[in-house]
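The values are calculated or read from the model by the stated rules, or taken from the named source; none is laboratory data. Keep in mind it's a predicted model, so treat the numbers as computed, not measured. Here the Cβ positions follow ideal geometry from the backbone for every residue, glycine too, while neighbour counts run over all protein chains shown. Just the protein is used for accessible areas: all its heavy atoms, side chains included, with ligands, DNA and RNA removed. Shrake-Rupley method; radii C 1.70, N 1.55, O 1.52, S 1.80 Å.
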Amino acid sequence: MWGEVTPAERLRSVTRRNVDDERLAAAAADALAGFATEPASLVVACRRVLAHHRAHGALGWVCSRILAAPDPAAAARTAVRDLEADRTGDRLGATLPLLDENEVVAVIGYTTTIDDALAERFDLDAVAVRVDGDDPVASLRRRRSDHSVRVVDGWDPVLEHTSRLLISASAIGPERALVPAGTGEAIHLIGTGAHEVWLIGGVGRVLPARVYEMIVSSLAAGSPFEEISVQRFDRIAGPRGLERPSDATARVDSPVVPELLRPLTT
């Protein structure tokens with residue numbers, strides 16, 4: 001795929017990608033494999049790509065697994081396979097309930113995972129909620145499914161009949177999650193209109209406390225993200241399906257790598 005492109009050029013291509021590109025983590029793993037035979041350069045490469053995409057939890061997961069592995073190239077290939085085989089969207093689509101009349105499924109942070117979940121659920125009336133940190137219009141233009149999704153604001157009356165409120169997480173720690181800014185206010189506005197609130201994770205999103213804290217502490221003031229307690233969610237959706245927050249956050253498969261915990265600089 002990359003031909004004669006050097007590892008450094010491949011890495012620069014990844015750093016230029018948009019942070020909401022859900023192929024970013026897999027593309028980074030593929031690019032980082034090119035540094036596998038040079039441990040010092042691999043550390044620098046991981047820190048560089050993280051510095052450009054600080055809020056991307058799955059990218060921290062990729063870098064941690066590659067740096068901690070005895071065979072970084074093999075770890076990179078495994079990470080790509082795991083990310084591309086993520087079943088979170090399929091499992092989410094299978095567990096969303098049938099709706100009563102006038103009920104909707106509301107989404108904050110419309111991602112490929114959400115799109116996959118709705119792809120075969122034409123029985124569901126879905127709306128994407130606009131919040132300070134996320135305007136879903138661009139994401140909806142990129143979606144692969146033909147599912148009709150309306151964009152609404154948090155005060156829209158349609159949200160008074162929300163069956164499930166789905167909120168996409170960029171990263172999930174043991175106690176808190178990184179979500180689009182304005183999510184907490186939207187939950188408050190929707191209030192008891194939502195029967196249940198689900199946090200949407202996926203492969204690489206659940207992180208050890210120190211890795212999660214590194215990501216959060218590196219964010220600049222005014223970033224389009226905010227933290228929210230995982231206890232505000234009824235369930236967390238991941239590759240195993242729906243789980244209680246305490247069970248989902250206990251399933252950490254990412255090591256803690258000291259080289260990644262130092263402050264990031266671009």
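The length gained by stretching the chain between Asn18 and Glu243 to full extension, at 0.36 nm per residue less their Cα-Cα distance, is 78.0 nm. Springs join every pair of Cα atoms under 10 Å in this Gaussian network model of the chain, and among Arg47, Arg176, Arg16 the largest mean-square fluctuation is at Arg16.
Counting only GluC sites (Glu not before Pro) that sit in a DSSP loop (anything but H, G, I, E, B) with at most 16 other Cβ atoms within 10 Å, what is the longest stretch of the chain containing none of them? Counting only loop sites that pass the neighbour cut-off, the longest clear stretch is 5-100.
Build a GNM of the chain with springs between Cα atoms under 10 Å apart, and of Ala221, Ala25, Ala117 the one that fluctuates most is Ala221.
A 1.4 Å probe run over the protein chains yields, for the chain, 47 Å² of accessible area per residue, whole-number rounding. Across the chain, C-alpha contacts under 8 Å between residues 6 or more apart give a mean separation that, scaled by the residue count, equals a relative contact order of 21 percent.
With springs only between Cα atoms under 10 Å apart, run a GNM on the chain and tell me which of Gly173, Gly191, Gly133 wobbles the most. Taking springs between Cα atoms under 10 Å, the residue moving most is Gly191.
Legend: residues Val206, Val44, Val14, sorted from most to least accessible area (1.4 Å probe; ligands, DNA and RNA excluded), read Val44, Val206, Val14. Of the whole protein surface, Leu261 contributes about 50 Å² of accessible area at a 1.4 Å probe radius.
Approximating the spin labels as points 7 Å out from Cα along Cα→Cβ, the Arg142-to-Thr78 distance works out to 2.9 nm. Rounded to the nearest percent, how much of the accessible area of the chain (1.4 Å probe, protein heavy atoms only) is carbon and sulfur? Percent of accessible area from carbon and sulfur atoms in the chain: 48.
Shape class for region 7-123, computed from the alpha carbon gyration tensor (a ≥ b ≥ c): prolate, with a/c not under 1.5 and a/b above b/c.
In whole Å, how far is the Cα centre of region 151-192 from that of region 3-70? Cα centres, region 151-192 to region 3-70: 30 Å. Compared with the dominant principal axis of the Cα atoms in the chain, helix 72-84 is inclined by about 20°.
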